[in-house]
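**Q** This structure is in structure tokens; I'll ask about it shortly.
The values are calculated or read from the model by the stated rules, or taken from the named source; none is laboratory data. Bear in mind the structure is a predicted one, so any value in this text is a computation, not a measurement. Neighbour counts run over all protein chains shown; Cβ positions are idealised from the backbone, glycine included.
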């Protein structure tokens, strides 16, 4: 018959600077993962048409066009797509919403 030894758990001491560093690393890893997901060929495109952006924001598509002409979107949040002689706009599904709502 074997006797099990009972050991006390070891407490870790972590400094505030180490916690801050780990939090920053986690934040960077989340950003890296999101970027990889967006660029993955199996992931739905991060770019959406104006009508979808309008639906997400609870506004009309015409309001999205007004915001675009007013310059309310960052250049990285919007792109043009040429289809024959027609030029359409697409919006980054996260960044464009942040541009309008101010949420991060």
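**Q** Quick one: would you say residue 85 is over 20 Å from the mean Cα position of the chain (by Cα), surrounded by fewer than 10 Cβ atoms within 10 Å (Cβ to Cβ) and modelled with pLDDT of 90 or more?
**A** For residue 85, the condition - over 20 Å from the mean Cα position of the chain (by Cα), surrounded by fewer than 10 Cβ atoms within 10 Å (Cβ to Cβ) and modelled with pLDDT of 90 or more - is not met.
**Q** Any chance the stretch 35-51 includes a residue that's at pLDDT 90 or above, out of contact with any helix residue (DSSP H, G or I) (no Cβ under 7 Å at 6 or more places or on another chain), assigned to a loop (DSSP other than H, G, I, E, B) and exposed (fewer than 14 other Cβ atoms within 10 Å of the Cβ)?
**A** Looking for residues that are at pLDDT 90 or above, out of contact with any helix residue (DSSP H, G or I) (no Cβ under 7 Å at 6 or more places or on another chain), assigned to a loop (DSSP other than H, G, I, E, B) and exposed (fewer than 14 other Cβ atoms within 10 Å of the Cβ), one finds none in the stretch 35-51, hence no.
**Q** Moving on to the next point. Filter the stretch 62-93 down to residues that are over 27 Å from residue 34 (Cα atoms) and touching a strand residue (DSSP E or B) at 6+ places or on another chain (Cβ under 7 Å), then give me how many there are.
**A** Summing the residues that are over 27 Å from residue 34 (Cα atoms) and touching a strand residue (DSSP E or B) at 6+ places or on another chain (Cβ under 7 Å) in the stretch 62-93 gives 1.
**Q** A further question follows. Assess whether residue 54 counts as being assigned to a helix (DSSP H, G or I) and in contact with a helix residue (DSSP H, G or I) (Cβ under 7 Å, 6 or more places away or on another chain).
**A** yes
**Q** Restricting to the stretch 64-82, count the residues that are out of contact with any helix residue (DSSP H, G or I) (no Cβ under 7 Å at 6 or more places or on another chain) and not in a loop (DSSP other than H, G, I, E, B).
**A** Residues that pass the stated criteria total 9.
**Q** Also, quick follow-up: Of (1) touching a helix residue (DSSP H, G or I) at 6+ places or on another chain (Cβ under 9 Å); (2) more than 13 Å from residue 49 (Cβ to Cβ), residue 85 satisfies all except one. Which?
**A** All conditions are met except number (1).
**Q** On to the next question. Given the conditions (1) part of a helix (DSSP H, G or I); (2) exposed (fewer than 10 other Cβ atoms within 10 Å of the Cβ), which single one is not true for residue 11?
**A** Result: residue 11 passes all but (1).
**Q** Does residue 19 meet the test of being free of Cβ contacts under 8 Å to residues at least 24 places away in the same chain, over 21 Å from the mean Cα position of the chain (by Cα), assigned to a helix (DSSP H, G or I) and assigned by TED's automatic domain parsing to the domain that holds residue 102?
**A** Here the answer is no, as residue 19 does not meet what is asked.
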